[in-house]
Amino acid sequence: MRWLRRFRLDQYQENLAIAMETLRVSKLRSGLTILGVVIGVATVMTMASLVEGLRRQIIRSVEVAGPTTFYVLKAYSSTPVNPDNPPAYIRIRPDLSAMEAERIRRLPEIAYAALWGQTVARLSYRGERTQPVALFGADAGFPEVQGGTLAAGRWFSRNEILGGGAVVVVNEGMARQLFGRENPIGKTISVGGRPAEVIGLYLPPENIFAPQGAETGAIIPFRLLDAQYPIDKTNALWIPVKPREGVSVADAQEAVTIAMREQRRLRPSQRNSFDLVTADQILDVFNQLTGVFFLVMIVLASVALLVGGIGVMAIMMVSVTDRTREIGVRKALGATRGDIAVQFLIEAATLTGIGGVIGILLGLGAGAAVNVALGISATPPLALTLVAVVVSVGIGIVFGVIPAQRAARLDPIEALRHE
């Protein structure tokens, strides 16, 4: 490997020109060589763009609720629990109740608390209907926690909240789909097969994380949801809690824990029969899930890069054989082993470098397209872009070493005799 130490910068321009001329002459062979590198790098960049976009949207959605908002759940799990066959420790836990939410709301440390639920339902009006969308049961504090604004109409009155009035606040986009240019306020629509009067139009925040099929379609009073709709009380029932200004999350959680234990008459020796979840915990779980997802993509992309590297080595070995006479001529004219080795290394690095650049462009383009389709705004992962370029060039160097050594060791006399 002594020839690596004798590499001079003034050789680079000449060898790069030779490499580009070789690529021009052997377009098909060069294209097939870099295909594996393109696929591997494009896969990494696409997944990185998508994961980064989702991460930013989740963070923004959490910021809408506020960094101090936390949630009381029957049981917290990183994956949904089967409500028909939950684990034993969840099965013995009581469901959350409106009485517990009211007890929390009256605490001096708490500014807001209410019992919320969620299910999935279709909205329909005179033959027009939506796809299944998220139907929330909440109160007028919904935008305070979930974000968004009231585009038209009003939120629920106190009597409608307490009595479970048949009223609904509809997503503005869903309302346009159902009513067209007709004013929906005051009209009666079917919400999951049950009539409700439209009293307001809800405009969700642009940065909320809502994949296709999980949009906030409508909000109704919780008592109406609880009385007329099926609710998964294990996974889709929770109490959002906002501490008063100046009260830390830790102090608010301690107060809520004490109130819940007293409400459920738990003895000091008994464990909590509920869970408290903060925004940080939600982000931690999301980062773990995306980390595993991204790791799998890296492994798959690494296989593609490995195949691409082996392809580079194979093609360069063929190139050495095809250009044996050329190598002999260069050695006869005074080229050293180092000169020959560096020439073929630069050719291999150029091949994979071009493949890396093409893969980056394709990956960023595909990632941007997916993000646009999901309604996600994200900046390209520039740091990973630089890493991808270095890795792709490095693959050419690593897998080009053996062909370069073979070319450098050719005997010039035997090379000149080669036909």
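Residues of segment 149-171 that are buried (at least 19 other Cβ atoms within 10 Å of the Cβ) and either among the charged types (D, E, K, R) or over 18 Å from residue 225 (Cα atoms) (or both): 160 alone. Residues of segment 113-137 that are more than 23 Å from residue 239 (Cβ to Cβ) and among the polar types (S, T, N, Q): 124, 130, 131. State whether the residues of segment 165-180 include one that is in contact (Cβ under 8 Å) with a residue 24 or more places away in the chain and in a loop (DSSP other than H, G, I, E, B). Yes - at least one qualifying residue is present in segment 165-180.
Here's a check for you: in segment 270-292, which residue that is modelled with pLDDT of 90 or more and more than 20 Å from residue 98 (Cβ to Cβ) is farthest from the chain's Cα centre (by Cα)? Among them, the one singled out is 270. What is the residue count in segment 70-104 for residues that are modelled with pLDDT of 85 or more and part of a loop (DSSP other than H, G, I, E, B)? Result for segment 70-104: 8.
The values are calculated or read from the model by the stated rules, or taken from the named source; none is laboratory data. Keep in mind the model is a prediction, meaning the values are calculated, not measured. In this analysis, Cβ positions are derived from the backbone assuming ideal geometry, glycine residues included, and neighbour counts consider all displayed protein chains.
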